[in-house]
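Peer 1: Can you keep this structure in mind? I'll have questions shortly.
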Amino acid sequence: MQLRELESTRFEREDLDRGIEPDSCFYIQNADRIVGLNPTIPNDLPPDLAIEVDITSRSSNS
């Protein structure tokens, strides 16, 4: 199984007027299709996994 990681990248769907800008994203099923495409990834090839880290409060009191 191949796995390709892209760091922060913006993916927009103009037809839906929506998008994502994950901190990191991964191509698993289509990993071989994105070789050589970064930074221009086609809109019809979204990542299989997108991770966004959002910290809103501290988890410890120290």
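The values are calculated or read from the model by the stated rules, or taken from the named source; none is laboratory data. The model shown is predicted, which means the values in this text are computed figures rather than measured ones. Reconstructed Cβ throughout: ideal geometry from the backbone, glycine too, with neighbour counts over all protein chains shown. Just the protein is used for accessible areas: all its heavy atoms, side chains included, with ligands, DNA and RNA removed. Shrake-Rupley method; radii C 1.70, N 1.55, O 1.52, S 1.80 Å.
Peer 1: Among 12-20, 45-53, how do they line up from the highest to the lowest mean number of other beta-carbon atoms within 10 Å?
Peer 2: Ranking, from highest mean packing down: 45-53, 12-20.
Peer 1: Something else: Accessible area per residue, 1.4 Å probe, Å², for segment 1-46: what's the number?
Peer 2: 80 Å²
Peer 1: How big is the shadow of the Cα convex hull of segment 9-53, averaged over all directions, in nm²?
Peer 2: 3.2 nm²
Peer 1: Through the Karplus equation 6.51 cos²θ - 1.76 cosθ + 1.60, θ set to phi - 60°, convert the phi angles of segment 21-33 into ³J(HN,Hα) values in whole Hz; use x for Gly and Pro.
Peer 2: Using θ = phi - 60°, the values come out as 9, x, 5, 7, 9, 10, 9, 10, 5, 10, 4, 6, 7 Hz.
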